[in-house]
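Right, one structure below, let's go through it.
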Amino acid sequence: MEASQFKSDQYVRFCPGCGDHAICMALQKAMAQIGIPTHQTVVISGIGCSSRMPHYLNTYGFNTIHGRGGAIATGVKTSHPELNVWQMTGDGDCLAIGGNHFIHEIRRNVDLNICLFNNRIYGLTKGQYSPTSPKGFVSKSSPFGTVERPFVPAELVLGARGTFFARTLDVDMPTTVDTMVQAQEHKGASVIECLVNCVIFNNGTHNWIADRETRAEHSIVLKHGEKMIFGANRDKGLALDYSAGVMPKLIVVPADDERVLVHNAKEQDPTLHRMLAMMGQERFLEDQKVNAELNAELPVALGVIRNVEAETYDQAVNQQIVDIQSQSKVTEFDQLMMTLEHWEM
Amino acid sequence: MKSVVIRFCGDSGDGMQLTGNMFSSLSAILGNEISTLPDFPAEIRAPQGTLGGVSGFQVHVGSGVYTPGDQADVIVAMNAAALKVCVQNKLFHDHAVIIVDTDTFTKPDLEKALYKTDNPFTELGISESVRIVPVALTSLTKESLKDSGLDNKSILKSRNMFALGVVCWLFDRPMDKAIHFLEDKFKKKPQLISHNVKVLTDGYNYGNNLALNQMVIDTEEVAQEMEHGTYTSIAGNKATSWGLIAAAKRCGKRLFLGSYPITPATDIMHELAGRKDMGVMVVQAEDEIAGVCTAIGASFAGDLACTSTSGPGLSLKSEAIGLAVMAELPLVVIDVQRGGPSTGLPTKTEQTDLLQAVFGRNGECPAVVIAASSPANCFDYAFEACKIALENMTPVILLTDTYLANGSGLMRIRKLDEMPQIRPQGVPEELKGHYNPALRDANSIRYWAVPGMEGYEHRNIGLERDSEKGTISTQPMNHQTMILNRQAKIDQIANRIPELRVQGNVNSDTLLVGFGSTEGHLHAAANELGCALAHFNYINPLPKNTAEVLRKYQKVVVCELNNGQFATLLRARLEGIQLLQYNEMMGQPFAVERIVEHVKKM
């Protein structure tokens with residue numbers, strides 16, 4: 001199929017320069033590559049800039065209410081597992097007002113593809129700090145800087161026993177498309193954290209990895225089965241260092257070091273996945289650090305970090321009904337009524 | 001006698017609900033009308049023998065039965081605390097018969113129930129005209145089971161069967177039917193059947209030793225009043241659940257319930273979760289909001305989608321119900337009302353969610369509101385809620401309450417094809433390729449296309465949409481047009497529902513008015529007062545002839561279990577109408593005598 005088949009007739013109204021434009025195009029490309037027809041694809045969203053996405057996709061779509069996209073998507077997929085269901089959400093919609101639905105759709109492992117647009121700001125309500133804004137962040141609702149500890153989305157996903165987590169960057173179209181295709185192929189709740197730039201209220205929040213000159217040094221695209229190598233000259237690798245005590249640490253080593261790790265996204269144990277996902281996140285957790293310290297940090301992991309198999313909720317619920325119906329002697333409603341104690345009057 | 005009211009009461013672990021239910025069902029099989037009122041504490045197991053742990057089950061059997069009865073004719077009190085609660089709450093009248101377990105009036109028992117003296121009957125000031133029948137239930141049960149090999153605890157648990165045996169003798173209920181019930185009840189624990197049957201039979205035989213006359217209930221009039229057919233006894237929550245299943249089967253849609261546990265609605269989820277044989281899908285959601293939202297998702301995808309809750313949950317669901325109004329999706333919301341506000345009285349009954357159901361959402365947000373008025377017709381109104389939702393593309397809120405949910409009554413079993421047809425809104429073939437979610441038919445009802453249908457892809461929204469294109473619109477005139485469209489859709493439903501019917505003495509100058517669960521009490525009160533009754537099951541929209549009916553009467557008294565919500569609504573809808581009010585807010589159903597007394601004074 002062609003990406004154009006997934007474009008709706010609506011004028012795309014994201015701000016000029018917004019990272020959501022890129023994700024929108026990536027989605028259309030990924031959906032075309034996946035090849036499931038538009039009428040069998042459903043895109044559910046809550047509220048926020050990212051949640052406008054269904055309007056720009058020529059599929060079935062439902063732009064709902066703040067934070068509840070996850071619960072509504074769960075209803076669609078569970079009742080109709082034959083449909084291909086996507087959820088569009090943002091760091092506020094998903095991690096603040098919709099946090100409860102988010103952890104439970106992951107815990108249940110509903111077969112959804114969840115695009116979590118993380119721009120670390122509330123855009124549509126015009127610039128308040130979000131659950132992923134760095135500590136100390138100055139915004140309209142935090143004029144003296146936030147004192148809150150932020151979430152790292154990956155930690156929530158893994159804490160909720162997530163089976164698929166990927167991270168991607170608005171300016172990296174090939175990785176974004178590839179990640180979306182893998183999310184679709186994965187059966188279960190697939191979370192893609194899309195790092196997007198808010199050109200109006202939080203411009204440049206991802207520049208340290210998004211800038212063309214520095215991206216290769218500050219990020220690594222993980223691929224299952226391949227060595228963890230990065231850098232403009234692909235001269236650096238990631239390894240585990242056991243010297244500091246019982247807890248190993250990830251370190252950067254030369255690419256030809258024999259200790260360089262091979263990425264295994266299929267490993268059930270999430271320990272290493274979490275370590276990889278946490279690389280470069282410390283800058284958000286304490287008072288904002290300056291870019292000067294950047295070189296000391298590990299690269300931010302992009303691509304599919306975790307991709308393991310587990311039973312999906314929608315399949316299990318439907319299978320249970322099929323199993324019980326196949327064993328039941330009562331199949332018609334009139335028969336059911338006569339199972340009640342009854343008598344003539 | 002035409003009818004009799006019996007109340008079984010004891011500790012919450014004494015099996016009073018089972019005993020009461022068995023007696024009601026036995027009576028129903030024998031051709032009695034029944035109405036039951038389970039009355040249990042919010043605590044699962046309060047300390048044994050205390051006032052807080054008393055659990056009661058009242059049943060009214062016979063003919064001309066409209067309510068569970070104001071006061072009992074016969075009380076079975078399993079302990080001293082139960083007797084005290086009955087006296088304190090005036091649960092029996094001056095000529096009642098009270099069967100008490102004399103083994104449970106020891107000094108420690110009396111202390112636990114906060115008696116001050118050693119003579120409970122005098123202390124309670126029970127009228128001399130009340131007949132106290134002492135039965136050593138505990139020792140007699142022990143004697144009955146002495147060769148059973150059961151431990152003492154299990155033996156004591158069978159006391160309720162001895163009491164039931166005595167009551168069965170008193171009202172001449174046949175033992176074979178009772179035994180059949182026990183066999184059915186314990187079919188998964190067959191070892192318990194023989195013991196229970198023995199105690200029950202011994203209790204029955206012991207009845208002969210009592211210096212009491214058997215009471216005969218004349219049920220001849222029942223047969224005349226009731227439609228001939230196959231009957232069952234059913235509780236409101238179960239009837240609601242099965243009404244939903246029937247509606248789904250009638251229109252060939254799958255039933256989806258998204259819900260979250262909340263007293264007193266949870267039994268609906270329990271019941272439906274057990275009906276996978278009927279293809280019912282239940283999602284026990286992470287919260288009330290997710291309960292309604294999963295249902296909205298299932299509705300968007302084409303299912304018959306429902307959510308069940310009680311008052312606090314309805315508050316939480318408000319925003320999502322607004323979404324279903326805006327997106328014009330069918331949705332059935334069942335609100336089993338309980339005492340409020342906030343967590344209020346979780347196990348008690350009240351009609352205080354009415355205005356929340358009608359108005360409790362942001363924006364101009366009309367939804368259909370209907371109310372069931374007996375445990376059995378919870379089935380019919382659940383079915384009707386589904387029919388209205390699917391045919392009119394709207395959320396429908398069905399109001400029941402604790403009293404209907406837990407109480408039971410007789411229901412005639414009908415075949416599916418005897419029930420009304422349901423024709424869910426669809427979409428005309430010619431709209432393929434041109435469909436959008438704003439297109440509506442001549443009745444202002446939006447066409448419904450669902451995912452999977454090729455050529456009808458569209459985007460639905462909670463934002464205002466263009467009345468022609470279906471896309472987001474903030475255009476001023478369009479918003480007004482859309483508000484009026486959504487209102488018109490609800491208003492036209494008045495053409496599809498039955499007109500308001502006046503019961504009782506239609507020529508009286510006094511009219512009682514009520515809605516929902518109070519119908520039985522108001523019917524009995526109207527009979528006693530010799531006046532008319534207009535009882536509402538349809539609340540939004542109101543039946544078309546509402547004004548015409550209400551304006552005919554000089555004295556119109558709106559009786560409701562809240563502080564005047566329905567009266568407020570009627571005053572708003574019927575300009576200039578003069579209404580009197582009778583309101584009770586005690587967490588209990590009306591007492592017929594209190595209504596009669598107050599209306600007489602007005």
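On a 24 Å Cα-Cα criterion, which of the cross-link pairs B:Lys84/B:Lys348; B:Lys348/B:Lys415; B:Lys348/B:Lys552 come out too long? Mind showing how you got there, number by number?
On the way: B:Lys84/B:Lys348 20 Å; B:Lys348/B:Lys415 34 Å; B:Lys348/B:Lys552 35 Å.
In this structure, B:Lys348/B:Lys415; B:Lys348/B:Lys552 lie more than 24 Å apart at Cα.
Within a 10 angstrom radius of each residue's Cβ in A:324-334, how many Cβ atoms of other chains show up on average? Whole number is fine. Present the calculation step by step, with values, prior to reporting the outcome.
On the way: counts 6, 4, 1, 1, 4, 1, 3, 3, 5, 10, 8.
Neighbouring Cβ atoms belonging to other protein chains average 4 per residue here.
State, to one decimal in nm, how far the label point of B:Gln284 lies from the label point of B:Asp176, with both points 7 Å from Cα in the Cβ direction.
4.2 nm
Extension gain B:Lys432-B:Ala488, at 0.36 nm per residue separation less the Cα-Cα distance, in nm? Numbers along the way, then the final one.
Working: separation 56, 0.36 × 56 = 20.16 nm, distance 2.59 nm.
The B:Lys432-B:Ala488 span can extend by a further 17.6 nm.
Using a/c under 1.5 as the rounded threshold, could you call the stretch B:152-272 rounded, prolate or oblate? The axes a ≥ b ≥ c are square roots of the C-alpha gyration tensor eigenvalues, and prolate needs a/b larger than b/c, oblate otherwise. Walk me through the intermediate numbers first.
Numbers: a/c = 2.77, a/b = 1.57, b/c = 1.77.
Oblate shape, in that a/c is at least 1.5 and b/c is the bigger or equal ratio.
Given a Förster distance of 56 Å, report the FRET efficiency between B:Glu123 and B:Thr474 from their Cβ-Cβ distance, rounded to the nearest 0.05. Working shown, then result.
Details: r = 73 Å, r/R0 = 1.30.
For R0 = 56 Å, the calculated efficiency reads 0.15.
When a/c reaches 1.5 or more, the comparison of a/b and b/c decides; with that in mind, is the stretch B:370-500 rounded, prolate or oblate per its Cα gyration tensor?
Details: a/c = 2.64, a/b = 1.89, b/c = 1.40.
Because a/c hits 1.5 or more and a/b exceeds b/c, the stretch B:370-500 counts as prolate.
Taking the simple approach of a point 7 Å from Cα along Cα-to-Cβ for both B:Asn208 and B:Lys185, what is their distance in nm?
Here the answer is 2.4 nm between the modelled labels.
Count the DSSP beta bridges whose two residues both fall in the protein assembly as shown, then state the antiparallel fraction as a percent rounded to the nearest 5.
Details: 49 of 131 bridges.
Roughly 35 percent of the DSSP beta bridges within the protein assembly as shown come out antiparallel.
Over all Cα pairs of the stretch B:104-153, how is the pair count split among 5 Å bins, expressed in % and running from 0 up to the last occupied bin?
Values per bin, smallest distances first: 4, 16, 19, 17, 16, 13, 9, 5, 1.
Considering only DSSP beta bridges where both residues belong to the stretch B:73-167, give the percentage that are antiparallel (nearest 5).
Numbers: 0 of 9 bridges.
Around 0 percent antiparallel, to the nearest 5.
In terms of the Cα gyration tensor, with a ≥ b ≥ c the square roots of its eigenvalues, is the stretch A:51-93 rounded because a/c is under 1.5, prolate because a/b exceeds b/c, or oblate?
Numbers: a/c = 2.33, a/b = 1.25, b/c = 1.87.
Since a/c reaches 1.5 but b/c is at least a/b, the shape of the stretch A:51-93 is classed as oblate.
Give the cross-link partners of B:Lys432 among the lysines, using a straight C-alpha distance below 19 Å as the criterion and excluding same-chain residues fewer than 8 apart.
Straight-line reach from B:Lys432, under 19 Å: A:Lys7, B:Lys469.
Report, to the nearest 10°, how far helix A:313-327 tilts away from the longest principal axis of the Cα atoms in chain A, using its own Cα long axis and a range of 0 to 90°.
Here the helix axis deviates by roughly 20 degrees.
To the nearest µm²/s, what D does Stokes-Einstein give for the stretch B:431-497 at 10 °C and 1.306 mPa s, using the Kirkwood radius over alpha carbon pairs as Rh? Don't skip to the answer; put the middle values down first.
Numbers: Rh = 12.8 Å.
It diffuses with D of about 124 µm²/s by this estimate.
Can you give the FRET efficiency for B:Glu221 and B:Leu416, using 1/(1 + (r/R0)^6), R0 = 35 Å, r = Cβ-Cβ distance, to the nearest 0.05?
Efficiency, rounded to the nearest 0.05: 0.65.
May I ask for the percentage of alpha-carbon pairs in the stretch B:186-250 that lie more than 18 Å from each other? It would help to have the intermediate numbers written out before the result.
Details: 1491 of 2080 pairs.
Here the long-distance tail beyond 18 Å is 72 percent of all Cα pairs in the stretch B:186-250.
How far, in degrees from 0 to 90, does helix A:69-79 lean away from the longest principal axis of the Cα atoms of chain A, to the nearest 10?
The angle comes out at about 40 degrees.
When a footprinting reagent is the concern and you count Cβ atoms within 10 Å, what order do A:Val138, B:Val332 take, fewest first? Show your work: numbers first, answer last.
Details: A:Val138 13, B:Val332 30.
Ranked by crowding around the Cβ, least crowded first: A:Val138, B:Val332.
Is any residue of the stretch A:203-242 close enough, with backbone N under 16 Å, to a label point placed 7 angstrom from the Cα of A:Cys15 along the Cα-Cβ axis, and if so, which?
Counting backbone N atoms under 16 Å from the label point, the list is A:203-207.
What is the average number of partner chain Cβ atoms found within 10 Å of a Cβ in A:51-61?
Values: counts 0, 3, 1, 4, 5, 1, 2, 3, 4, 12, 8.
The mean count of partner-chain Cβ atoms within 10 Å per residue comes to 4.
Just the C-alpha atoms of the stretch A:1-147: what Rg/Rh do they give, with Rh taken as the Kirkwood radius? Please report the intermediate quantities before stating the final value.
On the way: Rg = 15.7 Å, Rh = 15.7 Å.
Result for the stretch A:1-147 is an Rg/Rh of 1.00.
In what order do A:Glu344, B:Glu597, B:Glu391, A:Glu148 fall by count of nearby beta-carbon atoms within 10 Å, going from fewest to most?
Details: A:Glu344 9, B:Glu597 12, B:Glu391 19, A:Glu148 15.
Exposure proxy ranking, most exposed first: A:Glu344, B:Glu597, A:Glu148, B:Glu391.
Once both labels are modelled 7 Å past Cα along the beta-carbon direction, what's the B:His93-A:Asn203 spacing in nm?
8.5 nm
So if I restrict to the alpha-carbon atoms in chain B, what is the Rg, and what is Dmax, the biggest pairwise distance, in Å?
26.1, 85
Kirkwood Rh and Cα-based Rg: tell me the resulting Rg over Rh for the stretch B:502-601, rounded to two decimals. Present the calculation step by step, with values, prior to reporting the outcome.
Numbers: Rg = 12.3 Å, Rh = 13.3 Å.
My calculation puts Rg/Rh at 0.92.
Starting from 0.36 nm per residue, how many nanometres of slack lie between B:Met1 and B:Arg131 once their C-alpha separation is accounted for? Could you put the intermediate results ahead of the total?
Values: separation 130, 0.36 × 130 = 46.80 nm, distance 1.76 nm.
Gain in length upon complete extension: 45.0 nm.
Enter the angle in degrees (range 0 to 90, nearest 10) between the Cα long axis of helix B:159-170 and the first principal axis of the Cα atoms of chain B, meaning the one along which they spread out most.
80 degrees
What is the average number of partner chain Cβ atoms found within 10 Å of a Cβ in B:296-308? Provide the component values of the computation, followed by the final result.
Working: counts 8, 18, 8, 4, 12, 13, 3, 5, 0, 2, 0, 0, 0.
Average neighbour count from other chains, rounded to a whole number: 6.
Between B:Arg573 and A:Thr339, what is the FRET efficiency for a Förster distance of 41 Å, r being their Cβ-Cβ separation, to the nearest 0.05?
Working: r = 43 Å, r/R0 = 1.05.
Efficiency at R0 = 41 Å is approximately 0.45.
I want to verify a result. In a Gaussian network model of chain A, Cα cutoff 10 Å, which of these has the top mean-square fluctuation: A:Ala265, A:Ala255, A:Ala232?
Largest GNM mean-square fluctuation: A:Ala232.
By how many nm would the segment from B:Met602 to B:Glu454 grow when fully extended, if each residue of separation counts as 0.36 nm and the alpha-carbon distance is taken off?
Values: separation 148, 0.36 × 148 = 53.28 nm, distance 6.43 nm.
Contour length minus Cα-Cα distance gives 46.9 nm.
What ranking do A:Val300, A:Val76, B:Val427 get, fewest neighbouring Cβ atoms within 10 angstrom at the top? Walk me through the numbers before you get to the answer.
Working: A:Val300 23, A:Val76 29, B:Val427 17.
Lowest to highest Cβ neighbour count: B:Val427, A:Val300, A:Val76.
Expressed as a rounded percentage, what relative contact order does chain B have, with Cα pairs under 8 Å and six or more residues apart? Spell out each step's value before the answer.
Numbers: 1311 pairs, mean separation 66.6, N = 602.
So the answer I get is 11 percent.
Take every Cα pair under 8 Å in the stretch A:163-207 that's 6+ residues apart, average their separations, divide by the length, and report that relative contact order as a whole percent.
Numbers: 54 pairs, mean separation 18.7, N = 45.
With pairs under 8 Å counted, the relative contact order is 42 percent.
Plugging the Kirkwood radius over Cα pairs into Stokes-Einstein for the protein assembly as shown, at a temperature of 37 °C and a viscosity of 0.692 mPa s, what D comes out in µm²/s? Before the final figure, lay out the partial values.
Values: Rh = 31.1 Å.
Value of D from the Cα-based Kirkwood radius: 105 µm²/s.
By per-residue mean of other Cβ atoms within 10 Å, what is the highest-first order of A:110-117, B:6-13?
Details: A:110-117: 27.2, B:6-13: 24.5.
By packing density, highest mean first, the sequence is A:110-117, B:6-13.
Over the stretch B:3-223, what per residue volume does the convex hull of the Cα atoms give, in whole Å³?
Working: hull volume 26.9 nm³, N = 221.
Expressed per residue, the convex hull around the Cα atoms of the stretch B:3-223 is 122 Å³.
Please check which bits of the stretch A:249-268 a label hung off A:Asp235 would reach, taking the label as a point 7 Å along Cα-to-C-beta and the cut-off as backbone N under 14 Å.
Only A:253-257 pass the distance filter.
Please compute the contact order of chain A in relative form: average sequence separation of alpha-carbon pairs under 8 Å and at least six residues apart, divided by the residue count, as a percent.
16 percent
None of the figures in this text is laboratory data; all of them are computed from the coordinates on show. This is a predicted model, so every value here is computed, not measured. Neighbour counts are summed over all protein chains in view; Cβ atoms, including those assigned to glycine, are modelled from backbone coordinates with ideal geometry.
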